[in-house]
Amino acid sequence: MGVLLLILPALSASAQAPAIVGQLQYTLDPSLSRVNARVGFFGIASKTARFPKVSGRIVLAPKRLDTIQLNVDLDATALEAGDSVTLERLRGPDFFDVEHHPKVHFIGRGLRMTGPVTAQISGSLTAKDITHPVLLSVSFAKPPAAATGKEPIQFTAQTKIDRTEFGMNAYRFIVAKTVTITINAAMVPR
């Protein structure tokens, strides 16, 4: 029994250890991170929704950036919009239906560098329990290959989705189908 008590903490620690040597773990700093969704409105203007409550983490190995693990959660119940009518509609059943689907989730599992500080992250986006693949175009403040695990990682990412693929079909003649999502993130070492 005494040996088991000594072994269990070691097993627990090894189960949480990164799978690839040199992996660094970061947590999203919600006070320094923003997620916005912009959509065309009446074909001549646009409306922007903001997700002020975000959480997430990233695991990366500077020598194996292709093994990235990125998870971001958006609290759809905290969604903000420019006016109360838009906010009510976005939170309602025609769009995010926050009563039944309070979270929007992104998982990134593949990173392909396109330059020293630019990349594409492939992953999946889930909203209203509907998941579709997405590709994020990313610009890092510093090369991720130079990450040390001691300094924050900052990046801006953008993607475009078709809202109707996520069951958000209302107001087709007023609100465009294409939504541009922009993420400004600061990830701090864990």
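No lab work stands behind these numbers, since they all come straight from the coordinates. This structure is a prediction, so every number in the text was calculated from the model and none was measured. No Cβ is skipped: glycine too gets one built from the backbone with ideal geometry, and neighbour counts run over all protein chains shown.
Considering only strands (runs of 3 or more DSSP E) fully contained in segment 28-71, which possess at least 3 residues that are closer than 17 Å to Ser124 by Cα?
Values: elements: 34-41, 45-50, 54-60.
Once the strands (runs of 3 or more DSSP E) in segment 28-71 are filtered for at least 3 residues that are closer than 17 Å to Ser124 by Cα, what remains is 54-60.
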Can you tell me which residue among Ala157, Ala147, Ala186 is aliphatic (A, V, I, L, M), in contact with an Asp or Glu (Cβ under 6 Å, 6 or more places away or on another chain) and surrounded by 15 or more Cβ atoms within 10 Å (Cβ to Cβ)? Ala186
Anything in segment 176-190 that is within 19 Å of the chain's Cα centre (by Cα) and not in a loop (DSSP other than H, G, I, E, B)? List them, or say none. Thr178, Val179, Thr180, Ile181, Thr182, Ile183, Asn184, Ala185, Ala186, Met187, Val188, Pro189
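Could you list, in sequence order, the residues of segment 135-150 that are among the hydrophobic types (A, V, I, L, M, F, W, C) and touching a residue at least 40 places away in the same chain (Cβ under 8 Å)? Walk me through how you get there before you give the answer.
If we filter segment 135-150 for residues that are among the hydrophobic types (A, V, I, L, M, F, W, C), which is where we start, we get 135-136, 138, 140-141, 145-147.
Residues satisfying the conditions are Leu136, Ala145, Ala146, Ala147.
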Single residue of segment 72-87 satisfying the filter (without any contact (Cβ under 8 Å) to a residue 60 or more places away in the chain and assigned to a strand (DSSP E or B)) that is surrounded by the most Cβ atoms within 10 Å (Cβ to Cβ): Leu74
Going through (1) among the aliphatic types (A, V, I, L, M); (2) within 16 Å of the chain's Cα centre (by Cα); (3) part of a helix (DSSP H, G or I) one by one, Leu90 fails only at (2)
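Can you say whether Arg91 is without any contact (Cβ under 8 Å) to a residue 40 or more places away in the chain, surrounded by 15 or more Cβ atoms within 10 Å (Cβ to Cβ), among the basic types (Lys, Arg) and on the phi < 0 side of the Ramachandran plot, as far as the supplied structure shows? Break it down stepwise before answering.
Details: without any contact (Cβ under 8 Å) to a residue 40 or more places away in the chain: yes; surrounded by 15 or more Cβ atoms within 10 Å (Cβ to Cβ): yes; among the basic types (Lys, Arg): yes; on the phi < 0 side of the Ramachandran plot: yes.
Yes: the conditions hold for Arg91.
Among the residues of segment 127-144, write down those that are of a type in the set (D, E, K, R) and touching an Asp or Glu at 6+ places or on another chain (Cβ under 9 Å).
Residues of segment 127-144 that are of a type in the set (D, E, K, R), as a first pass: 128-129, 142.
Within segment 127-144, Lys128, Lys142 meet the criteria.
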